[in-house]
Each structure stands twice: as C-alpha cells, then as structure tokens.
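Peer 1: One structure follows; several queries about it will come next.
The values are calculated or read from the model by the stated rules, or taken from the named source; none is laboratory data. In this text the structure is predicted, and so the values were computed from the model without any measurement. Note that we place each Cβ from the backbone using ideal geometry, even for glycine, and neighbour counts take in every protein chain shown. Heads up: the accessible areas ignore ligands, DNA and RNA and are worked out on the full protein's heavy atoms, side chains in. Shrake-Rupley method; radii C 1.70, N 1.55, O 1.52, S 1.80 Å.
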Amino acid sequence: MSKPLPFKPTPVIRRYLQEMINHIKTAEDYGEIRNGKIEGYVTIKYWAENEKHFSSSSDNRELFFKYLQDENIAKIDEQRDLDRQEEEIFRMCEEYPYDIDKIQAFPSCFDSYILNVQKVMSLQKRVSEEIPKSELSEKQKDEEKESVLKRKVERWHIENEHLVRDEREEEFKTDDRYIMLDVNGDFYYGANRIKIKFTDHNLAYYRIFLAIFHLSDGCGLALYPDIIRHLRKTYGTNSNVGDVKKETIRNAIHNSILHRAKDLCFPREVNGLPTLEYTRGYGVNLFNPLLPKK
C-alpha cells in the first residue's frame, strides 16, 4: 500500500502536474527527453483563472514542492519570476516617485525542472484519484450541475407536455404564439396584438424577460445559468445585468413585471395558467402557447 502523500491533493495541485505532463508531451515530440529527464523547464502560474485562493493553499503548495524535490521528481525554482518582478519595480521607481522600500514583489509563477518523467505521470494519476468530490473545481461543479439541470428540463417537458398545444395539430399550424416579439424588440400579446408597455429596452427587467423569451424558444423553460450567461455575453459584465444572480432574476420578474402587470399591460395568465413561473428553483417557465389558426 502506498504511503499517504504529505500534501493535500487538490485541483490546483492536479493542474500543476497536468501542465508538467503537457510539457513532457511537447518534449517527446521534439525528442528532448534524455534518461527520463527533460532539459529546460516549464513555467507554471500559481493561480489560474477561477481558482479560489485560501490561506492554507500556500502551505500545501510548499509541501508539494518539497515532496517533488525530496523524491527527485522535479526541481522547483521560484526565484526567477521574483527577480523579474523586482527589476520591474526598480524601473517603475526610477520613472515614478515611489518609495522602493515600501513595494513588495509577489511572484505569480514558478519554474519546474522535470527530473523523472514517469514519476510525474504516476503522481498526476494518483492525485486525480485522491481528490475528493468536494474539492472539484468550479467549472467541473458547474458542468455536473448543468447535467442534472438538463435531465430535470427533459423530465419537466415530459410531465408538462399537456400544457403546451401540440404543434402537429391542424388547427395550430402557425408560428404565432400568445406573446410575440417584433423586429424592433417590442412585445405584443393575444390575437389582437396588444402591445406590452416595455418602454425602455435598456432596463434590466426587459433584458431579463427578453433572455427568457429567447432561451425558451418562445415557450418553455429557461435555466438560471443559461439566463445569466446570456445576459453577460449579450450586454457585458459592466452592464446593469452583468452581475445578475438567481435572486435578481426572480425579483425582476416579481417586482418589475408581475407586480406591475396592469401598468405594463402584461398578461399574468394565459388560459388560466401563469405566464411566468419559477420552476423548482432551477429556472423560469414561460407559458406561451400557439394561437389557433385564423
């Protein structure tokens, strides 16, 4: 049985090892591996985008570095980036009136000299196997959540098929739904095309409703993660919908649309069913059936 590792296997440690393996594969392509070693080094960032920083992470990293060197797996050099940053600070202080003694350099990366290719690959496999599920990266957690949500959406459509008219029926062979969007971004409802009074298309609640309309293809369920991504991608992270959350979406629907439905001339119900409804905490359902063919 293998001895316990002296450091905690985490997604960050796994990334370090994966970047070393990527370097190994490149070295293999160029024939740069000699006696299980690689000439030169690979530079690796301490923190990648979206990785969380904890005070204990630095201690764990030092334990990992010590293990690599004690086991003759890799040599770690943190000095080169520190020297580079100190040179930049020196140049900056020559150009601007800063007190150089009060500015501290914080290296952002380290260099890894791989001494044993096989040991790196074996360690990466072991670390990946020992990372507990609770330590999954945010990206992996999101992917797992989305997989669950997609299954819930599929089940919702099966359970609620009777709520939406069957488009194959002869009397409903039309593209007109109860609520429709025109090329100018205005919404209308009903057979008489009554205009919904969304007067300012830059307001957050309009943008949220528009996102729900698009993501549900005019009728159905729009997931919270999809709504949030759509708003950030369409309007930017610095816009009035750039930092929306699940609660923001619900508040916009409840307070700005449903609560003011009379003033906005917005139909709260269609055929006795709510037009907008929160669905078990994972999305918003837009009930917007097809209109009968005239």
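Peer 1: Roughly speaking, what is the stretch gain from residue 109 to residue 121, that is 0.36 nm per residue apart minus the C-alpha to C-alpha distance, in nm to one decimal? Each step should come with its number before you reach the end.
Peer 2: On the way: separation 12, 0.36 × 12 = 4.32 nm, distance 2.11 nm.
That works out to 2.2 nm of additional length.
Peer 1: Going toward the positive end of the dipole of region 255-294, with +1 on Lys and Arg Cβ and -1 on Asp and Glu Cβ, which of 273, 283, 259 do you reach last?
Peer 2: Looking along the dipole axis, the top candidate is 273.
Peer 1: From the phi angles alone, apply the Karplus equation (6.51, -1.76, 1.60; θ = phi - 60°) to region 270-279 and give each ³J(HN,Hα) in whole Hz, x where the residue is Gly or Pro.
Peer 2: 10, 6, x, 10, x, 5, 10, 8, 6, 10
Peer 1: On to the next question. What is the packing order of peptides 285-291, 41-47, taking the mean over residues of other C-beta atoms within 10 Å and listing the highest first? Before the final figure, lay out each step's value.
Peer 2: Numbers: 285-291: 20.7, 41-47: 16.4.
Per-residue Cβ counts within 10 Å, averaged per peptide and sorted highest first, yield 285-291, 41-47.
Peer 1: Using a 1.4 Å probe on the protein heavy atoms, what percent of the accessible area of region 246-294 belongs to carbon and sulfur?
Peer 2: 48 percent
Peer 1: Let's test the formula: R0 of 41 Å, r as the Cβ-Cβ distance of residue 247 and residue 129. What FRET efficiency results, to the nearest 0.05?
Peer 2: 0.65
Peer 1: Something else about it: Using a Förster radius of 51 Å, what is the FRET efficiency between residue 45 and residue 191 based on their Cβ-Cβ separation? Nearest 0.05, please.
Peer 2: Calculated value: 0.30.
Peer 1: So how much slack lies between residue 256 and residue 79, counting 0.36 nm per residue of separation and subtracting their Cα-Cα distance, in nm?
Peer 2: Full-extension gain reported as 58.1 nm.
Peer 1: How far, in nm, would the chain grow between residue 265 and residue 199 when pulled straight, counting 0.36 nm per residue and subtracting the alpha carbon separation? List each step's numbers first, then the result.
Peer 2: Numbers: separation 66, 0.36 × 66 = 23.76 nm, distance 1.13 nm.
Length gained between residue 265 and residue 199: 22.6 nm.
Peer 1: Would you pull out the residues with amide H under 5 Å of residue 74's amide H, same chain only if 5 or more places away, H placed 1.01 Å from N?
Peer 2: Answer set, sorted by chain and number: 69, 115.
Peer 1: Near residue 6, within a Cβ-to-Cβ distance under 11 Å, what is the net charge of the other residues, with Lys and Arg +1 and Asp and Glu -1?
Peer 2: Net of charged neighbours comes to 0.
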